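Structure, as structure tokens:
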Amino acid sequence: MTSERIITVGTLVQALEERFVPAWAEPWDRVGLIVGTSGTVLTGVLVTLDATAEAVERARRAGANLVVTHHPPFLETPSCIETVPGPAGTLAAALAAEVAVASFHTSLDRAPAGADALSVALGLTTLEPLESGVEPISVVVTYVPADDAAAVRAAMAEAGAGRIGQYDGCSFESEGTGRFTPRAGAEPAVDDTGSGVAEVRIEMVCARSDAARVVQAAAGAHPYEEPVVLATDGVRARGAARLGRLCSWSGGAVSDLASHVGARLGVRPRVWGDAAGPAARIAVANGSAGSLLGEALASADVMVAGEVRYHDALDAVSRGLAIIEVGHDASEWPLVSVLAAEVRSACGPDLPVIAEAPRLAWQTMEDAHDRG
């Protein structure tokens, strides 16, 4: 690694968050840097599916001091840090080995490249995103003299405003007239002589978690002593960042699709519903697919997913939707390639990046027999 290409943990995490935006994650999720120091210079990166004590040890042995994963080691903050195997021991192992851990879970699931990953791995033709609905946002509004509008808008964007899907710097401006009467002791930046002051109204959206920071940034860049900066919570229709994919396939019935999917992922799928039924329109969802069943029922013949809860599957089959379950991890290993590609892009050729090959956490007895 050359001196010009020194990369820190924080630099890489920030670059990945540009691609897998934290605001795209579910509110219950853990994304971004989980453990470690942002300023630590990277020696190498291990990219894998699960953040476990074993993954940390594999990274340490390989000379890597950052593990980047899809699944975080926990969703609820642990009550203690234990030296144990598996996800429960990740924090203790990471601290002891001085290996950082960063996870990109539902933010990666919703990112266009992440949502495409399983359908691409299965060789299906993607038609459109599967998820519909809305996402929570805040709208930040301020009123500023025209000459200062660019500086205020830039400060808001730097604080996190104006990101809409694959677009940055999104804003709306309109011209109007502001009126005010200074009280004793006030030192107005501009004078209102009675006819008002020409102002620009700036509107920008942001993640609700960024709203306070955006308001403060706008106020800090504003020329007025008492700037009006307002934040209002709202929702917007989801755009490019959506879970799941609706796909097409011309290979035959549900049973044929199950065989095709199994061969592609190296698993023995479980099929719910009519195996002889059509499989022309396919809903694809990596991981747990319960939140997408409504969209799948409305648009698809069959759903391919990591897993579906028992009663949800019974209900879906009774309403005419077949389901092919491939296992949670099998459906999400394609995301590791997406993560690794972004890590390599951010790090360049001089930093070692190890992308682990799929390793399933389960097997069927037929699998065990076939493998000898």
Using only the alpha carbons, work out the radius of gyration and Dmax of the range 274-352 in angstrom. 16.3, 55
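Filter the trypsin sites (Lys or Arg not before Pro) in the range 1-46 down to the DSSP loop ones having no more than 16 other Cβ atoms within 10 Å, then list what survives.
Working: sites: Arg5, Arg19, Arg30; in loops: Arg30.
Sites meeting the loop and neighbour criteria: none at all.
The chain: longest stretch without exposed chymotrypsin sites (Phe, Trp or Tyr not before Pro) (DSSP loop, at most 13 other Cβ within 10 Å), sites themselves excluded?
Counting at most 13 other Cβ atoms within 10 Å as exposed, the longest clean stretch of the chain is 29-361.
So what is the relative contact order for the chain, in percent, with contacts set as C-alpha pairs under 8 Å and at least six apart?
19 percent
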Using +1 at the C-beta of Lys and Arg and -1 at the C-beta of Asp and Glu, which of Ile164, Leu122, Ser138 has the Cα lying farthest in the positive direction of the dipole of the range 58-200? Leu122
With N residues in the range 134-237, what two-decimal value do you get for its Cα radius of gyration over 2.2 N^0.38 Å? 1.12
Based only on other Cβ atoms within 10 Å, what is the fewest-to-most ordering of Ile354, Ile34? Ile354, Ile34
Enter the per residue convex hull volume of the range 202-248, computed from alpha-carbon coordinates, in Å³ rounded to the nearest integer. 97 Å³
Entry for log10 I(q)/I(0) by the Debye sum over Cα atoms at q = 0.08, 0.12 Å⁻¹ (calculated from the structure that is shown) out of (i) -0.45, -0.91; (ii) -0.37, -0.88; (iii) -0.52, -0.97: (iii)
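For the range 24-141, what is the charge dipole size about the Cα centre, in debye to the nearest 20, if Lys and Arg each add +1 at the Cβ and Asp and Glu each add -1 at the Cβ?
The calculation lands at about 420 debye.
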What list of whole percents do you get for P(r) of the range 208-345, with Cα-Cα distances grouped in 5 Å bins up to the one holding the largest distance? 2, 9, 16, 17, 13, 9, 8, 6, 6, 5, 4, 3, 2, 1, 0
Could you work out the relative contact order of the range 134-237, using alpha carbon pairs under 8 angstrom and six or more residues apart, expressed as a whole percent? 50 percent
Dipole size in debye (nearest 20) for the chain around its Cα centre, Lys and Arg Cβ +1, Asp and Glu Cβ -1? 720 debye
Between the range 1-80 and the range 160-192, how many Å separate their Cα centres? 38 Å
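Report the trypsin sites (Lys or Arg not before Pro) located in the range 231-328 that are in a DSSP loop and have at most 15 other Cβ atoms inside 10 Å of their Cβ, or state none.
Values: sites: Arg236, Arg238, Arg242, Arg245, Arg264, Arg270, Arg281, Arg309, Arg319; in loops: Arg238, Arg242, Arg309, Arg319.
Passing both the DSSP loop test and the Cβ count: Arg309, Arg319.
Over the range 253-337, what is the percentage of antiparallel beta bridges among all DSSP beta bridges, to the nearest 5?
Working: 4 of 13 bridges.
Percent antiparallel among DSSP bridges in the range 253-337 is about 30.
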I need to check one value: relative contact order of the range 34-167, counting alpha carbon pairs closer than 8 Å and at least 6 residues apart, in percent. 22 percent
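Summing +1 for each Lys or Arg and -1 for each Asp or Glu, what net charge is found among the other residues whose Cβ lies under 15 Å from the Cβ of Ser248? The partial results should precede the final answer.
Working: positive: Arg245, Arg281; negative: Asp116, Glu128, Asp256, Asp301.
Taking every Cβ under 15 Å from that of Ser248, the sum is -2.
Computed from the coordinates by the stated procedures, all read-outs in this text should not be read as laboratory data. None of these values were measured; they are calculated from a predicted model. Note that we place each Cβ from the backbone using ideal geometry, even for glycine, and neighbour counts take in every protein chain shown.
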